[in-house]
Every structure is written in C-alpha cells, then in structure tokens.
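Please read the structure below before turning to the comments.
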Amino acid sequence: MENEIPTKSTIELLIQHINEAAVFTNTSFLIVACNIAATNLFGFRLKDTSGLNISTLSINASSSNSQFASITNGDFTQGVIDFINNDKQKLALQITRHAIAPDTSAGGYLFIYKPLDIDHVNKGTGTAKSFSSLNNTAAFTSGNGNYFRLHDQHGDAMLIFDNELTCLDANAGACRLTGYNKKELLTMSLADLIHIDEVQQPMPATARLKTGDSLIWERKMRAKDGAAWYAAFTLQPMPDGRIISFVNDITRQKRTELALQQSEERHRLLFQQSPLPMFIVDLETFHFLDVNEAALISYGYSKKEFLALRALDIRPAEEFEKFYSKAPTISSGFVSMGLFRHMKKDGTVIDVEVYSHDFLYNEKKARLVLAIDITDKLEATREFRKHTAQLRDLSDHLLNIRETERTNIAREIHDELGQQLTILKMDVSWLHQKLQKYDDVLLLQKSGDTLKMLNETIKTVRRIATELRPSMLDDLGLIEAIEWQSKEFEKRSGIKITFEHTIAHLPVSNAIATSLFRIYQEALTNIARHANAKNVFSKLQLDNNEVILTILDDGIGFDLNALGKKQTLGLLGMKERTLMIGGRFNINSQPGEGTTIVVTTAVQPEEPPKLQPDQ
C-alpha cells in the first residue's frame, strides 16, 4: 500500500498537544483539523471552518491576496501576516508552515500561528510587515539592534554565525532552547549543537546565502542536558557577511510528523501483510485503487490487472443489483456489509463476508473492503444441516417403528396371550370345582394355587400390554391416558402427583398425543430415579392454539451446565420427540430447587418441519 489510510481522529489528537494555535490542511490547503488554541485565537468554531480554504484564516477584507499567495508558495516556511478576527481585533501573527508527508493520502500542511505585538513589529503604522521585509538589511542595521532585542523580548530564538557557522552572537531565546548560556554558545559552532544521530548529515549549504537567498534547514539537535529536540533554522545573509538564523523549536511538529509516518507504515503493513483479501475502491467510479497481496493470490489477478478492474468485474451478473443497493451505504468504522458472491479470474464463484470502512484516499472518496472467503464454511454448514436432517428423519422413522411394534406387541399380548390365559383360567377353575367332590386336600390346594397364579399372570400380562401401548390413549385420548399414568406412578412410587387440565377434549393427532404421552412417562421415570421428590405437579393446557404440557417436581434439582457435559438418554429422548412434532422443549432446574419441564407444540400442526439440506 503506497499511501496511508487517513485517520482524521489521529491528526486531531496529535495537534491538540501543540501549545500554539495549529491548523492542519490537506495538500489543497483545505482545513482538515485545528486545535483549541486556534479556535480561541481566531474566534471561530471548528465546524464553521472544516473544509474551508486556509485563506479564511490568513487574509481579511483589508488585506491583499498576496499574503495568501505567499503562504501557499512552495518555498514558504515562515512569515508574518495581519488578521482581523470575529471580535474585530487586529492581530499580527507569525505563521510557520510545516509539510507533513505531503506525498501521502494523510499528508498536508501544518500551520502554526503565534500572535505578535503589532506596535513592536511596526511601531506607528498599525500593520504587520511580511516576514521577508522584517528581515531586510535595514531591519538588522538600524536602531542599534532593536530588532534583535525585539525577538529577545518575545522569546524568539536567534543566532548569528560567520561563514564557517561558528556562533558569533545569541539571544536569550537561543539560550533557553539549547540550554547553554551565551558565553558557552560563543565558543561553539552549529555542528556542536547537532544530535549525534545526525552528525554525519550534510551541513547547510551557506554558498546559497551569497546570492541573497534565505535557507531553511531542519535537524535533530542536542541540548546541553543531552535531551533531543528538533529545530528549524531560517538562515539569511547580513550586509556585513555574517549569517543570522531564526530558530524555531519544532519538536512537537516533528513528533507529529513522525507519528503520522509511523501510522502510515503501520497501516501499510496491516494492509499488505493481512492474510485476508483487502482492496480500496473509488466510491464514484468503483475502480480499484489498491489491493493487497492476499487479494492477488485469492482472486488470481496480477496487481496491474486488478487495478484495471471495477468492483463489478469480480461479481457475477446476478449480484449487480445487490451491489448497487449496498454501495451508497456509508460506513463509519469497519461495519459488516453482509454476504456477497465474488468471481475469481478463472470464473470460480465464491461466497464472501464483506466488511468496509469509508475514508478519503488521495482526495477521493474511497472504501476499504475486507473480503473473507466463507465458501468452505457455508458448504460445511450445508452438509451439516443435510446430515442433521437425515439423522432426524432416521430417528423419526425409528421412533415410529418402535411405536408400531409396541402397538402390535400389545395387541398380540392382549388378544392372543390374554385370550389363551383366560381360557386356561376357566379350565383350571372347572377342574378346581370338580375336585371339590373328592376328599383330596393336596389336589384342591394345588388347583387353588394354580388358579391364583393364573389370575396374577393375567394381571401382569394386562399391565405389560398397557405399558407397551395404553389402549385408553387410542380409545379415550391423551388426557385420560395421562390421568391413568399419574395414578399408576403414584401407586408404584409413593410420590404424590397432582394432574390438572383445563380442557375436556384435546383435538391433536395420534403422533402428537403419543409423543406427549411418552415425554410424560419419561419425565416421571426420571423423577422416580433421580429427583428424590415428594410431590409432582403436572398440567395440560391449551393456549393460543398451542398445547402446553408442564411437569414440576420438588426434588433435589441439578446443575444444567453440568448436565450439558453428559446429556442423559432420557432428556435427549424427550427433546428428540419434541422436535419430531415441531415443538419446543424447555427445562429449568437449580440444585435444591426442583425441576420444571415445559413442552409446547401446535394443536393441529402440519407435517412436522424438517431442515432442508441447503438451509
């Protein structure tokens, strides 16, 4: 990525740390951000100037356009302009311009404004002179050094050098910046003040000064205490051959510039080294402005080929309408744009999840796009759902077979075995009566015992047949079957059970009635085995065309989170039966607080819903 992804918030944060009034513009001199000191100085609100030309802060109705032309000149670094603020106050401002990575999308110019006393700058005229006129020969040679003392008074740093850049004079401002006193500075050269990191860098080309031109020179400096700081030297020739230099501490500005450069480098690395495809799209033309290496690998294009494409060129035709509907969406920060289909160079269509962030890129409205290929994920999801649907169908089929077999076995036991046992009982009863005529106590006792055993066997056979498939479930319905099951449970377990219902007849299909009954049976079985309960409350009700079966016990309860690790077969069976009839299964329990199970299903559902493989 050759340009930084701009972050206006980063620029605003950085310039707030500058004490002087600071205004940051783009390379077209349109205001991007300013600090609180600038709003206080000029008497405006930030929202009133954002996007305006810097000229609004540099000239007024009484000024000529030459001032603005001066500060936007390519060679301009420092000068003085006059300004009338919103409070009608006339200000003389020293203005310093710093280029901040002007060749990048985040770059521009940082203007630092410092108020000056107009009377001191040009006493009696009420108008501030330009920086160049203040530094002319007359200014330096007249008034016994008044101008030098003027800068001394206002804290500006000034040094005078000979042609070898040995220090000949220094004011108080220079002493404050460097940490040396004047006596020490007069024994030093400019090279002695440079930080060790930059001693190998070339010194100012003083030969240029012989033509009368000024020279701007920036370096990392070393103060007397060893602290590093950055200085901007404005060197100009004096009539007597000496060189005067105005020195500005640009440490904050330089650190701002370095921070922007580091930010640019971080963004470049994040963009280029991201393992996921990323590209920057022009929001007006939809042409690609930049792409990273991952995008080239994923889509099969070279960078030259990619940058010749539009965003629509990597989409199948059926996606165009969706693309145009989403394109106007403004994204502040990275936001999800949804799922799209993209097309590689070889024609392969992939599913991607798209995230985007809108920003200015080289003065263009652009969108940074992150495209995550989820083709394999969606295919795996489809396969999983397909297999889940198949397993559910198989489970449904097996449960139906089980119920059918139970019904058949119960019928066979009742009709065949029950009938045969009844006949056998009748025969044994007849024999027992005939043996009454004979005085054979042993035979009478044996026949009596056999008759009792047959009676118990018939009862056992009837109980087994009923448990396999209660005939009353088919003959009388779900409510009567649950009432019977409740009485049987209380009789066998000793746990008191209360069953309530608010409907006389429940018009549900056999499949729903069977599933609810089996769920009820399984719930009671679990209570008997694990709950250590004394009371059970159950209720069957009809609400908004839904059947609701509730089973509540006052047992010891359990931890649902711990249950998730082992999932008992009983609970799994109840959940599976509920899903088979398109219902909802809920269970709530806390240790020491009992358990509540609620099953909800439609009264007259259509065919129970099944997951489709492609869902």
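For this structure, a couple of remarks:
- Amide H within-cut-off set for ILE250, under 5 Å, with H built and near neighbours excluded: TYR230, ALA231, ALA232
- Label-zone membership for the stretch 344-383, site SER28, 7 angstrom Cα→C-beta point, backbone N under 17 Å: 359-367
- 3J(HN,Hα) from dihedral phi, the stretch 491-503, Karplus parametrisation 6.51/-1.76/1.60, rounded to Hz, x for glycine, proline: 5, 7, 9, x, 8, 5, 10, 10, 10, 10, 8, 10, 9
- Lys, Arg +1 and Asp, Glu -1 on Cβ, resulting dipole of the stretch 400-469 about Cα centre, debye, nearest 20: 160
- Both numbers refer to the Cα atoms of the stretch 522-583; Rg and Dmax are 13.2, 35 Å.
- A simple spin-label model places the labels of LEU442 and GLU319 9.7 nm from each other, with each point 7 Å out along Cα-to-Cβ.
- Inter-centroid distance (Cα atoms) of the stretch 270-329 relative to the stretch 567-589, Å: 47
- One decimal place: the segment THR422-LYS364 gains 11.2 nm when fully extended, by the rule 0.36 nm per residue minus the C-alpha distance.
- Under-5 Å amide H pairs with VAL508, H placed in peptide plane, nonlocal only: none
- In this structure the amide hydrogen of ASP290, modeled in the peptide plane, comes within under 5 Å of the amide hydrogens of ILE280, none closer than 5 places in sequence on its chain.
- Here the Karplus curve 6.51 cos²θ - 1.76 cosθ + 1.60, taken at θ = phi - 60°, turns the phi angles of the stretch 437-444 into couplings of 6, 9, 8, 10, 4, 5, 5, 4 Hz, with x standing for Gly and Pro.
- Sites matching trypsin sites (Lys or Arg not before Pro) across the stretch 471-537 that sit in DSSP coil, with at most 16 neighbouring C-beta atoms within 10 Å: LYS534
- In order along the stretch 447-459, the Karplus-derived 3J(HN,Hα) couplings, from 6.51 cos²θ - 1.76 cosθ + 1.60 at θ = phi - 60°, round to 5, x, 5, 5, 5, 5, 5, 5, 4, 5, 5, 4, 4 Hz, and Gly and Pro are given as x.
- Likely footprinting exposure, THR404, THR600, fewest C-beta neighbours within 10 Å first: THR404, THR600
- Links that overshoot a 21 Å alpha carbon limit, given the list LYS220/LYS254; LYS386/LYS575; LYS459/LYS487; LYS322/LYS386: LYS322/LYS386
- Sorted by Cβ neighbour density within 10 Å, fewest at the top, the residues ILE84, ILE36, ILE519: ILE36, ILE84, ILE519
- Alpha-carbon centroids, the stretch 377-442 and the stretch 211-251: separation in whole Å: 106
- In the stretch 414-523, Cα pairs under 8 Å separated by at least six residues give a relative contact order of 23 percent.
- Working from Cα pairs under 8 Å separated by at least six residues, relative contact order for the stretch 147-270 is 22 percent.
- Using the average count of surrounding beta-carbon atoms within 10 Å as a protection proxy, the listed peptides 456-463, 339-346 rank, highest first, as 339-346, 456-463.
- Sparse packing (at most 15 other Cβ atoms within 10 Å of the Cβ) combined with a DSSP loop state is found for the following GluC sites (Glu not before Pro) in the stretch 272-344: GLU284.
Since every read-out is calculated from the coordinates, none of them should be taken as a lab result. Just so it is clear, the model here is predicted, and its values are computed rather than measured. No Cβ is skipped: glycine too gets one built from the backbone with ideal geometry, and neighbour counts run over all protein chains shown.
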